[in-house]
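Read the structure below first, then the notes.
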Amino acid sequence: MRRNGLLALVDWKALTILVALMVMGLVNLWSASEGMGVPFYQRQLLWLAVGGFFGLLVFSIDYRHYEGLAYLLYGLGMGLLVVVLLIGVEVGGAKRWIEMGWLRFQPSEYMKLGLVIGLARYFYRRPRPRGYSLRDLAVPFLMVLGPAALVALEPDLGTALLLFLIFFGVVLFCGIRRRSLLILLAALASSAPLGWSLLKDYQRRRILAFLDPYSDPLGSGYHLIQSKIAVGSGGLWGKGFLGGTQCKLQFLPQYHTDFAFALLGEEWGFVGCAIVLILFLLLILWGLETAFKAKDRFGAVIAVGVTAMIFIHVAVNIGMVLGMLPVVGLPLPFFSYGGSCTVAHVMGVGLLLNVRSRRHLLAPRRT
Amino acid sequence: MAWYANKGGSPARAKVFYWMVVATFGLLLLRLWHLQVIEGEEFRRLCESNRIRLVKVAPLRGRIFDRKGRILADNRPSFDLFVIPEDVKDKESFAEGLAPLLGMPPEEILGKISQRGRSPFQPVRIKGDLTWEELSRIKIRQMELPGLKVSVVPVRTYLYRGLAAHLLGTVGEITREELSRRRAKGYDIGDYLGKTGLEAAWEDYLRGLKGGRQVEVDALGRELRVLREVEPIPGWDLHLTLDLDLQRKAEELLKGKAGAIVALDPSSGAVLAMASAPSYDPAAFARGIPLEMWKKLNEDPLHPLTNRAIRGLYAPGSVFKIVVAAAALAEGRVDPDERLHCGGLFPLGQKVFRCWKEEGHGWMDLKQAIIQSCDIYFYQLGLRVGPELMASYAEAFGFGRCTGIELPGEKAGFVPSPAWKAKRGERWYDGETVVMAIGQGPFLVTPLQMARMIAAVANGGVLYQPLVATEVIDPEGKGVRSYRPRPMGRLPLSPRVLRRLKEALLGVVEDEKGTGRAAHIPGVSVAGKTGTAQVAKMGQRRLKPSELPYELRDHAWFVAYAPAEAPTIAVAVVVEHGGHGGSAAAPLARELIKEWLSIEGEADET
């Protein structure tokens, strides 16, 4: 196949889905901005533009060049995670941001991509046609444990958990021996009590609040109930743009970030939510297809890692807003206000487009 | 050819991935359908006609006790009037209707209920401490003014009005700035928290945990039912080392003066009394202090809000001779029996330095020089010891750094040294050495540092971190934390040097030529040292205090401990612009020590 410019490489179908999600997220944030009297949507627009620029950059360089840079990118992310613990800015009791002049960014968001690329290189270089054993997985496990531990120290348990889930998704995709999988699951189940004892008090209360929303009426239980009321009151058609009384009246303090979907549910109803869900579903299925159709294992693992990242964000966030999961601080991509999260997810889609579009080009050097 | 298919990846496994994703989204969609379509009506009802609200309930603040278990700070109930802005239909007519009931201007009420940037469901406090008349007027009109709510809330109260005001500190409503820093700790708009003193230092223990009720209210904001309730948990009680009677005595002694008194238990560093004058009434702060009153306190030239015991900075004056003498003895720079001459004048370079006694003291040994506080003897001693050693001994005696008392805003003071001057590119002159030897110049110490210094001399050389609290007790009566004496360092003195020093200090009060005679108590041996911190520069002739305007008069110091053979109290007294330490400060120390001995006597009898 002949190379005729970047434009010919673009998968227009996926790009359309991406832009549609961005526009809907921005409209939703506009409504949130009206309610809070702070123009979040303006800055979000800026972040989308920044994300678009970096997404394009990530897309335009053939992804196979990333292989040589993989550990460098991973190391850079790790370095930033250490820096944030040392000189990070503390907001609401969590040290998650690095501030440089007017610029404030959240290294853990970019670490997700760094981890995916790092894992991709590892699995690319060590093919195991009969599946990976536990011993094979020791190194990639440490590759996740490092950043997850640093992120958990911030503390940001949601993102730490997300890193493990991405790893899990990648391992399932690459193939794991059945026995190893069973041992892994058993170990996971038995370590749960230990994990519980390591949790901070507010984190435990969140989980308990999910199991019994009335157990913590002052904190997260209250958020869950208000979130359900907001979504539920939207009904089939919703109350219309700027019509969300429940959220507008500040029952939910984070409706521009983690609970943005609650506002969407209230204003656009079941129909609006279903459209957004289906768009996300299409994007994720397309991402999986990209993985299965990738030319080489490196691209395939990148695609499955990024897809897992988006999928987990969407499923955990919406599950939380709908009261199906505990209040875990994971934002909804393109809907929640936040610079680093937005830029990282647009870059992620850029990577997917990259792998997708180059599946017919040149023979891979190695399989 | 795709790698996955090429390498024999099974289409079945690929399908598992697709189905997992589709199933998850299916679940989310089902849940949405359930919430929005099946239960949508119910949620819409909850959302619109009725509302679920969170009503927070303030906890009782932990109490503060003195060393004998007498309550110093407690809570009292107060009827406060709140408004929930959301329930007010027409804000202006509401303010008009409410104003006459409270005797407040309607604009003030309107201002309070129309604040931006806070949830309209959060109750706004309109007025605290309603009188019975106001309460009954409001009860009658309540139905016409929906949105009003009267709650009984706990308010800080100090049982001995104004006693130990600086030490106990103040409580006040949280400011926006404090809120942004402390939101993670669970503070909200309208909460009270410790602002100064112990109330601030022990805030985390004293505050308690808020409780709350989840209530369903009707369109008028009336509570229909309580869905869930969590009781508030009272704060933890704080027990102090302070003695109520001694504190009261210290404050009486300072009445009408500006200054500070600190009394420590020399064997532990425990603060027995800490008074600062002039003072103020902390109860006024608990309810939000009226602006004009705060202005008056803040602009008062005597700074009544400042805790002079830890924030007042004065030159140590002749009290510092204790340190110079200790340094000279410990370093072998003087033979204690060696006599130096004082003729009233001491020429050094181009200048002439004077003794406070114009006609001079004649020949003096170390002990007499301390007893009579001879300046010229100490000029010579200072030159022998040198400024570097004087500075390092000053630091060893605890000057120039915070004592570490658990109170906010303590000052470290300042010890001048050649190194400090070199850093500013200046030379150190011998003239500065002699000035330093008698504790004048840029030298600055706090009364607490002085008390700790003399306590260390009294107890045989241990410098303690001053202790204000003995323990923290939770509402069930269980001890949560207890505080033990914490030695911070030792004076670098041998027992022999220390004994000589103590003999001289005893002479200051007991010898008939002693400058501290005024602290003499028949039947009790008191040891101490006077000091006078110069305010105006040394002139040709030392003027008597009565010859100077008040603000140019010297500060009077006295440090003491008693009984000299087995000290149970160490005191530092400073009286601003009081003149000579011997006449202005020593009598105060005497009275305080007498009070303490009688308190101890009573304790022994029972």
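FYI, it's all coordinate maths here, none of it is from the lab. Keep in mind that this is a model prediction, so the values were computed, not measured. Because the Cβ atoms are built from the backbone with ideal geometry, glycine has one as well, and the counts that use them run over all protein chains shown.
Note the count of lysine pairs whose C-alpha atoms are less than 22 angstrom apart in the stretch B:444-581, limited to pairs 8 or more residues apart or on different chains.
5
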(request) Mind checking which of A:LEU279, A:PHE298, A:LEU161 is farthest towards the positive end of chain A's charge dipole, using Cβ charges of +1 (Lys, Arg) and -1 (Asp, Glu) about the Cα centre? (result) A:PHE298
(request) Using a 10 Å cut-off on Cβ atoms, rank the peptides B:592-598, B:137-143, B:210-216, B:345-351 from the highest mean neighbour count down. (result) B:592-598, B:210-216, B:137-143, B:345-351
(request) Would you calculate, for the protein assembly as shown, the mean residue ellipticity at 222 nm contributed by helices, counting each DSSP H stretch of 4 or more residues as -39,500 (n - 2.57) and dividing by all residues, to the nearest 500? (result) -15000 deg cm²/dmol
(message) As I understand it, the value is the acute angle between the Cα axis of helix A:297-321 and the longest principal axis of the Cα atoms of chain A; what does it come to in degrees, rounded to 10?
(response) 10 degrees
(request) Please turn the phi angles of the stretch A:323-333 into ³J(HN,Hα) values with the Karplus equation 6.51 cos²θ - 1.76 cosθ + 1.60 (θ = phi - 60°), one per residue in order, whole Hz, x for glycine and proline. (result) x, 9, 9, x, 6, 10, x, 10, x, 9, x
(request) Might you report the magnitude of the Cβ-based charge dipole of the stretch A:45-144 about its Cα centre, with Lys and Arg at +1 and Asp and Glu at -1, to the nearest 20 debye? (result) 480 debye
(request) Count charges around A:LEU137 for me, please; just the other residues with Cβ under 13 Å from its Cβ, Lys/Arg as +1, Asp/Glu as -1. (result) +4
(request) Calculate the spin-label point distance for A:PHE54 paired with A:ARG130, positioning each point 7 Å from the Cα along the beta-carbon direction, and give it in nanometres. (result) 4.3 nm
(request) Taking 7 Å along the Cα-to-C-beta vector as the label spot, tell me the A:MET100-B:GLU388 distance in nanometres, rounded to one decimal. (result) 4.6 nm
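Of the peptides B:427-433, B:375-381, A:150-156, how do they stack up when ordered by the mean number of other Cβ atoms within 10 Å, highest first? Mind showing how you got there, number by number?
Numbers: B:427-433: 16.0, B:375-381: 26.0, A:150-156: 20.3.
Ranked from most to least packed, the peptides come out as B:375-381, A:150-156, B:427-433.
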(request) Please work out the FRET efficiency for the pair B:VAL22 and B:GLU107, using the Cβ-Cβ distance as r and a Förster radius of 51 Å; give the result to the nearest 0.05. (result) 0.25
(request) Would you work out which of B:GLY26, B:TYR4, B:PHE43 lies farthest towards the positive end of the dipole of the stretch B:3-48, given +1 charges on the beta-carbon of Lys and Arg and -1 on that of Asp and Glu, about the Cα centre? (result) B:TYR4
(message) Can you tell me the orientation of helix B:495-510 relative to chain B, as the angle in degrees between its alpha-carbon axis and the longest Cα principal axis, to the nearest 10?
(response) 80 degrees
(message) Give me, ordered by chain and number, the residues 5 or more places off B:VAL445 or on other chains with an amide H under 5 Å from its own placed amide H.
(response) B:TYR314, B:ALA315, B:PHE414
(request) Tabulate in residue order the Karplus-calculated ³J(HN,Hα) for the stretch B:201-206, using 6.51 cos²θ - 1.76 cosθ + 1.60 with θ = phi - 60°, rounded to whole Hz; enter x for Gly and Pro. (result) 5, 9, 3, 4, 8, 6
(message) Below 12 angstrom from the Cβ of B:PRO106, what's the summed charge of the other residues (Lys, Arg +1; Asp, Glu -1)?
(response) -2
(message) Quick query: amide H of B:CYS342 versus all other amide H atoms, modeled in the peptide plane; which residues come in under 5 Å with a sequence gap of 5 or more or a different chain?
(response) B:HIS361, B:GLY362, B:TRP363, B:MET364
(message) Taking a cut-off of 34 Å, what percent of all Cα-Cα pairs in chain A are separated by more than that?
(response) 27 percent
(request) Calculate the mean, over all residues of peptide A:292-302, of how many other protein chain Cβ atoms lie within 10 angstrom of the residue's Cβ. (result) 4
(request) Provide the packing ranking of B:444-455, A:128-139, B:483-494, i.e. peptides ordered by the mean count of other C-beta atoms within 10 Å per residue, highest first. (result) B:444-455, B:483-494, A:128-139
(message) My understanding is that a pair violates if its Cα-Cα distance is over 30 Å; which of A:LYS13/A:LYS112; B:LYS195/B:LYS249; B:LYS112/B:LYS139; A:LYS95/B:LYS127; B:LYS185/B:LYS296; B:LYS89/B:LYS185 do that in this structure?
(response) A:LYS95/B:LYS127; B:LYS185/B:LYS296; B:LYS89/B:LYS185
(message) Against the 2.2 N^0.38 Å scaling, with N counting residues, where does the stretch A:289-361 land? I'd like the Cα-based Rg ratio to two decimal places.
(response) 1.25
(message) Can you sort B:SER114, B:SER583 from fewest to most other Cβ atoms within 10 Å of each residue's own Cβ?
(response) B:SER114, B:SER583
(request) Express the relative contact order of chain B as a whole percentage, based on alpha carbon pairs under 8 Å and six or more residues apart in sequence. (result) 13 percent
(message) Quick one: the Cα spread of chain B along its three principal axes, in angstroms, biggest first?
(response) 105, 85, 54
(request) May I ask you to derive the FRET efficiency for B:ARG490 and B:ALA412 from their Cβ-Cβ distance with R0 = 30 Å, giving the value to the nearest 0.05? (result) 0.90
(message) Beyond 16 Å, how much of the Cα-Cα pair distribution for the stretch B:3-48 remains, as a whole percent?
(response) 59 percent
(message) So if I take the alpha carbon set of the stretch B:218-273, get Rg, then get Rh from the Kirkwood formula, what is the Rg over Rh ratio?
(response) 1.46
(request) Please determine, in degrees from 0 to 90 and to the nearest 10, the orientation of helix B:321-330 with respect to the longest principal axis defined by the Cα atoms of chain B, where the helix direction is its Cα long axis. (result) 70 degrees
(message) Based on the alpha-carbon set only, what is the convex hull volume of the stretch A:48-164 divided per residue, in Å³?
(response) 125 Å³
(request) Report, by chain and number, residues whose modeled amide H sits under 5 Å from the one on A:LYS295, excluding near sequence neighbours (fewer than 5 apart, same chain). (result) B:TRP3
(request) Using the charge dipole of the stretch B:33-143 (Lys, Arg: +1 at Cβ; Asp, Glu: -1 at Cβ; taken about the Cα centre), state which of B:GLY97, B:GLY128, B:MET143 has its Cα farthest towards the positive end. (result) B:GLY128
(request) Go through the stretch B:149-157 residue by residue and turn each phi into a ³J(HN,Hα) via Karplus (6.51, -1.76, 1.60, θ = phi - 60°); whole Hz please, and just put x for glycine and proline. (result) 8, 9, 10, 8, 10, x, 10, 5, 9
(message) Out of all DSSP beta bridges in the stretch B:53-240, what portion is antiparallel? Express it as a percent rounded to 5.
(response) 95 percent
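Please compute the net charge surrounding B:GLU203, taking Lys and Arg as +1 and Asp and Glu as -1 over other residues with Cβ under 10 Å from its Cβ.
+3
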(message) For peptide A:309-322, what's the mean number of Cβ atoms from other chains within 10 Å of each residue's Cβ?
(response) 3
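If you take the Cα atoms of the stretch B:53-240, find Rg, then find the Kirkwood Rh from the mean of 1/r over all pairs, what is Rg/Rh?
0.99
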(request) Taking every Cα atom in the protein assembly as shown, find the radius of gyration and the maximum pairwise distance Dmax, and write them in Å. (result) 37.2, 114
(message) Need one value for B:228-238: mean number of C-beta atoms belonging to other chains within 10 Å of its residues' C-beta atoms.
(response) 1
(request) Tell me the label-point distance for the pair B:LEU548, A:VAL10, using the 7 Å Cα-to-Cβ offset, in nm and rounded to one decimal. (result) 8.4 nm
(message) Treating only the Cβ of Lys, Arg, Asp and Glu as charged (+1, +1, -1, -1), what charge dipole size does the protein assembly as shown show about its Cα centre? Round to the nearest 20 debye.
(response) 4500 debye
(request) Treat every Asp and Glu Cβ in chain A as -1 and every Lys and Arg Cβ as +1, leave all other atoms uncharged, and give the resulting dipole magnitude about the Cα centre to the nearest 20 debye. (result) 1720 debye
